[in-house]
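Step one of this worksheet: look at the structure below.
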Amino acid sequence: MRKNIILIGFMGCGKTSVGGKLSRALHYRFLDTDQLLEDAFGCTIREFFAREGEEEFRRRETGLISDFLGSLGSTVLSTGGGMPLREENAKILKKLGTVFWLKASEETTVARLRGDTGRPLLLQGDIEETVHRLLAERTPLYEVAADYTLETDGKSFYEIIKEIENALRWHLMPH
Ligand code: S3P
């Protein structure tokens, strides 16, 4: 098994909640890239996007995970939904650990994100249209970035965590 567990997936798929609980179950450290970036920026992601723009945010995401190479261990790392958009990032994530894609349906995603005001990409336009468009763009990229895809619709946190543990034990470890 590689030494860290990386969670990727669209906004609202539960990366941060699952990551926190999974890290406690495994006695791993928990880190969340959005949280680390907000700490580094000294402002919210929404404010950072408004001030510096998305491209600069993407650059900072790459910088953050590059710095983990060679230093991160026994950690569950939750990533922002756009992290695997850059091919470079997807490669770095694979080097860092086993990458799990938490997948939720479009309907579930829209229901979870409706009314959200913290995510800059959702602030303009119609939520259904935005989620539909971004999911279509990103699904192939999540597919490429992931070692393991986990359908989360209708599953409890407990079930999701068990599935990750089983995947690590049975599917992803060399026998
Ligand atoms: C983004 C997802 C957000 C955050 C930023 C951009 C995206 O993270 O990094 O708003 O491009 O999908 P969550 O997936 O944790 O919401």
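Charge tally around F41: other residues with Cβ under 12 Å, Lys/Arg +1 each, Asp/Glu -1 each, net -4. A simple charge model with +1 on the Cβ of Lys and Arg, -1 on the Cβ of Asp and Glu and nothing else charged puts the dipole of the stretch 1-110 at about 640 debye relative to its Cα centre. Over the stretch 1-92, Cα pairs under 8 Å with separation of 6+ residues give a relative contact order of 50 percent.
Rounded, prolate or oblate: which fits the stretch 12-90, taking a ≥ b ≥ c as square roots of the Cα gyration tensor eigenvalues, rounded meaning a/c under 1.5, else prolate when a/b beats b/c? Since a/c reaches 1.5 and a/b is larger than b/c, the shape of the stretch 12-90 is classed as prolate.
Assuming a ≥ b ≥ c are the square roots of the Cα gyration tensor eigenvalues, decide whether the stretch 1-145 counts as rounded (a/c under 1.5), prolate (otherwise, with a/b larger than b/c) or oblate. Note, shape of the stretch 1-145 comes out prolate. By a 1.4 Å probe calculation restricted to protein chains, D39 has an accessible surface near 100 Å², given to the nearest 10.
Electrostatic bookkeeping for A25 treats Lys and Arg as +1 and Asp and Glu as -1; over the other residues with beta carbon under 10 Å from its beta carbon, the sum is +2.
Does the stretch 101-175 classify as rounded, prolate or oblate by the C-alpha gyration tensor (a ≥ b ≥ c root eigenvalues; a/c under 1.5 gives rounded; else a/b over b/c gives prolate, otherwise oblate)? It is prolate, given that a/c is not under 1.5 and a/b is the larger ratio.
So what is the relative contact order of the stretch 1-157, in percent, for Cα pairs below 8 Å that sit 6 or more residues apart?
Details: 224 pairs, mean separation 57.4, N = 157.
Rounded, it is 37 percent for the stretch 1-157.
Solvent-accessible surface of the chain, averaged per residue with a 1.4 angstrom probe and all protein chains in place: 51 square angstrom. Have a look at A25, L7, Q35 and report the one farthest towards the positive end of the charge dipole of the chain, computed about the Cα centre with Cβ charges (Lys/Arg +1, Asp/Glu -1). About the Cα centre, the residue reaching furthest to the positive side is A25.
Ignoring any ligand, DNA or RNA, what whole percent of the accessible area of the chain comes from carbon and sulfur when the probe is 1.4 angstrom? Roughly 51 percent, rounded to a whole number.
The values are calculated or read from the model by the stated rules, or taken from the named source; none is laboratory data. What you are looking at is a predicted structure, and each value in this text was computed from that prediction instead of being measured. Methodologically, a virtual Cβ is constructed for each residue, glycine included, from the backbone with ideal geometry; neighbour enumeration extends over all protein chains shown. Surface accessibility is based on the protein's heavy atoms, side chains included, excluding ligands, DNA and RNA. Shrake-Rupley method; radii C 1.70, N 1.55, O 1.52, S 1.80 Å.
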